[in-house]
1. Given (1) modelled with pLDDT of 85 or more; (2) closer than 30 Å to N24 by Cα; (3) assigned to a helix (DSSP H, G or I); (4) not polar (S, T, N, Q), where does K50 come up short, assuming only one miss?
2. Residues in the range 10-19: is at least one more than 28 Å from the chain's Cα centre (by Cα), among the hydrophobic types (A, V, I, L, M, F, W, C), assigned to a loop (DSSP other than H, G, I, E, B) and surrounded by 10 or more Cβ atoms within 10 Å (Cβ to Cβ)?
3. Picking from I34, I30, which residue would you name as being touching a Leu at 6+ places or on another chain (Cβ under 6 Å), of a type outside the set (D, E), touching a residue at least 24 places away in the same chain (Cβ under 8 Å) and assigned to a helix (DSSP H, G or I)?
4. Identify all residues within the range 23-56 that are surrounded by 10 or more Cβ atoms within 10 Å (Cβ to Cβ) and within 13 Å of Y4 (Cα to Cα); write none if there are none.
Amino acid sequence: MVDYAKRLVEVDEILNYLPIDDYNKIPVDIINVIEDNKDKNYEWHYDETKKLKEQNVPNETIAILSYINMEYILNDEQIDFMNKVHKLNDVRSDIDYIESKAIFERNNENREKSKVSNENNQVDMIKTKENIFTKIINVLKNIFWNK
C-alpha cells in the first residue's frame with residue numbers, strides 16, 4: 001500500500017530545491033495541502049550531489065511532482081512538448097506489450113512443439129527398445145536352434 005503522507009514529505013523536500021520563480025508558480029493552497037498532509041515523523045533528504053533519478057524516488061512521488069510540474073510550472077510550449085513525450089511513451093509501451101506478448105506466444109508454441117517432439121521421441125525410443133530386444137531374442141534363438 002502506498003503511504004501518500006510519506007510521498008508528500010519527499011515532494012515537499014524536492015520542491016524546496018526548485019528555483020524560487022518556479023516555486024512561486026505553485027499555488028499556496030497546494031503547498032498548504034502538502035504541508036498539512038505529509039507524515040510528520042518521516043524524514044527524507046534530497047541529495048544535491050545526485051540527480052533525482054539517482055535517488056531512488058518512488059514512482060508515486062515522481063507522479064505527484066509531474067502533476068505539479070505540468071499544472072503550475074511549465075509554460076504552454078513546454079506542456080505541448082511534454083504531452084508529445086507522454087504520447088510517444090504510450091506508443092512505446094504499447095509496442096513493448098505487443099512484442100512481449102508475441103515472444104510469450106512463440107515460447108508457448110515452442111514448448112508445445114518440444115513437448116510433441118519429446119513424446120514422439122519417447123515413442124520412437126520405446127519402439128527402438130522393442131526392436132533391439134526382439135533382435136536379441138532372435139539372435140539367441142538362432143544361436144540355440146542352430147546347435
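1. Of everything listed in (1) modelled with pLDDT of 85 or more; (2) closer than 30 Å to N24 by Cα; (3) assigned to a helix (DSSP H, G or I); (4) not polar (S, T, N, Q), K50 misses just condition (3).
2. Within the range 10-19, the subset more than 28 Å from the chain's Cα centre (by Cα) is 16-19.
Going one step further and asking which of them are among the hydrophobic types (A, V, I, L, M, F, W, C), we end up with 18.
Among the residues that remain, those that are also assigned to a loop (DSSP other than H, G, I, E, B) are: 18.
Then keep just the ones that are surrounded by 10 or more Cβ atoms within 10 Å (Cβ to Cβ); that gives 18.
Checked against the condition, which is being more than 28 Å from the chain's Cα centre (by Cα), among the hydrophobic types (A, V, I, L, M, F, W, C), assigned to a loop (DSSP other than H, G, I, E, B) and surrounded by 10 or more Cβ atoms within 10 Å (Cβ to Cβ), the range 10-19 yields at least one hit.
3. Going through I34, I30 in turn, just one is touching a Leu at 6+ places or on another chain (Cβ under 6 Å), of a type outside the set (D, E), touching a residue at least 24 places away in the same chain (Cβ under 8 Å) and assigned to a helix (DSSP H, G or I): I34.
4. The answer is V33, I34, E35, N37, K38, D39, Y42.
The values are calculated or read from the model by the stated rules, or taken from the named source; none is laboratory data. No experiment lies behind these values; they were computed from the predicted model shown. For neighbour counting, all protein chains shown are included, and Cβ atoms are generated from backbone atoms with ideal geometry for every residue, glycine included.
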